[in-house]
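Before any comments, here is the structure.
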Amino acid sequence: MSSESKTKQPKRPVRNRIRQSAGDRVFGAVNTLVMVLLSLIALLPVFSVFLLSVTPMADVQRNPNAFIVWPSQITLSHFVWLFRGSSRLVDAYVITILRTVVGTLGCLLVTVLTAYPMSKKFLPGRNGIMMFFFFTMIFTGGMVPTYIVVNSLKLTNTFWAMILPPLMSVYYMIIMRTFFQSIPEELDESARIDGANDFIILLRIIMPLALPTLASIGLFYAVYHWNSFMDVIIYLSGGSARRLWPLQMLLREIVINNNIGELSLGGLVQDARRPNAQAIISCTIVVSSLPIICLYPFLQRYFVKGLMVGAVKG
């Protein structure tokens, strides 16, 4: 067989590697070691709380002052005890989920509907309107004027006091606006030639392209609504408004006051078999943190792509 008939083997791409000096290698190793140590320091309290929530009471009683208690066996009895009679905890969980879903969808809707027209050069007074938005990023009205506005709108001690005041972040709107500006205008022009209006262009052409940025910003909004409790302290101060407390506010009262009676467990509080207060607090922390921890890995891949596309034009 002639050499011409032989199948040519594809050449492997030549990788140009930058030769590192000894100092660069030492710096990289030290930097990696420091990052690993900082990560372990940050994860250690989380690991301790999780272990305490699944550790039997006998192991905790043998080591009452230990920072980390290694369980002899894994038990979920603390969580079963916590949920079997805690109507207050279940109600707070429902309020938190409802607030996160409604708040995130509302924030994304307002952010997109504000950022899209602000990205159009033909919008009259666009620069002046943007200056107003920038002004709110630098100067805010403050806590008291904001409370007066919310109270005058009859929103205090209502569910909407947690939804309407933080309905849009100017920072995320600017990221979204920058992404819309990076989309070629030819897409818009070709759709208009085909008879599409602004809403059709936004829903069928622009929004599919904006999914990475929407996912990143949506997760930031969701984390804010899930973890927020300061607005609850300000706006839901009435006695009847305690039924609207989200999970983080309930957890704050339990941790600060060390009072498991906030869970409204009724007879279960006097139950001789109940875990100690520290184990109950650990279980409540795990329950409140687990949904966001489980959600993050599914949206993490959108972070770099979504935020970089929205932050750099071109």
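The values are calculated or read from the model by the stated rules, or taken from the named source; none is laboratory data. All of these numbers come straight from a predicted model, not from anything done at the bench. For neighbour counting, all protein chains shown are included, and Cβ atoms are generated from backbone atoms with ideal geometry for every residue, glycine included. Note: accessible area is taken over every heavy atom of the protein model, side chains too, but ligands, DNA and RNA are not part of it. Shrake-Rupley method; radii C 1.70, N 1.55, O 1.52, S 1.80 Å.
Going through Ser216, Ser228, Ser182, Ser237 one at a time, which residue ends up being in contact (Cβ under 8 Å) with a residue 24 or more places away in the chain, in contact with a Lys or Arg (Cβ under 7 Å, 6 or more places away or on another chain) and not aromatic (Phe, Trp, Tyr)?
Step by step, each of Ser216, Ser228, Ser182, Ser237 is checked, and only Ser182 is in contact (Cβ under 8 Å) with a residue 24 or more places away in the chain, in contact with a Lys or Arg (Cβ under 7 Å, 6 or more places away or on another chain) and not aromatic (Phe, Trp, Tyr).
Going residue by residue through the range 54-69, is there one that turns out to be open to solvent by less than 80 Å² (accessible area, probe 1.4 Å), of a type outside the set (A, V, I, L, M), at pLDDT below 85 and assigned to a helix (DSSP H, G or I)?
yes
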- State whether the residues of the range 113-122 include one that is open to solvent by 80 Å² or more (accessible area, probe 1.4 Å) and either under 23 Å from Pro291 (Cβ atoms) or of a type in the set (S, T, N, Q) (or both). no
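Working carefully through the options Ile193, Ile174, find the one that is more than 19 Å from Thr100 (Cα to Cα) and either open to solvent by less than 70 Å² (accessible area, probe 1.4 Å) or in contact with a Cys (Cβ under 9 Å, 6 or more places away or on another chain) (or both).
After ruling out the rest, the residue left standing is Ile174.
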- For the range 116-204, please list each of the helices (runs of 4 or more DSSP H) lying entirely inside it that holds at least 3 residues being acidic (Asp, Glu). 185-193
- Message: Whether any residue in the range 155-169 is closer than 30 Å to Glu253 by Cα, aromatic (Phe, Trp, Tyr), open to solvent by less than 20 Å² (accessible area, probe 1.4 Å) and modelled with pLDDT of 90 or more is what I want to check.
- Response: no
- Task: Output the residue which, of all residues in the range 85-94 that are assigned to a helix (DSSP H, G or I) and open to solvent by 20 Å² or more (accessible area, probe 1.4 Å), is modelled with the highest pLDDT.
- Result: Val94
- Query: Quick check, is Val101 more than 21 Å from the chain's Cα centre (by Cα) and part of a helix (DSSP H, G or I)?
  - Reply: no
- Query: Can you tell me which residues in the range 111-145 are within 30 Å of Leu251 (Cα to Cα) and of a type in the set (A, V, I, L, M, F, W, C)?
  - Reply: Met143, Val144
- Message: Checking Val80 against (1) part of a helix (DSSP H, G or I); (2) buried (at least 17 other Cβ atoms within 10 Å of the Cβ): exactly one of these is not met. Which one?
- Response: (2)
- Note on the structure: Residue hits (the range 223-241; open to solvent by 10 Å² or more (accessible area, probe 1.4 Å) and assigned to a helix (DSSP H, G or I)) are Val223, Tyr224, Trp226, Asn227, Met230, Asp231, Ile233, Ile234, Tyr235, Gly239, Ser240
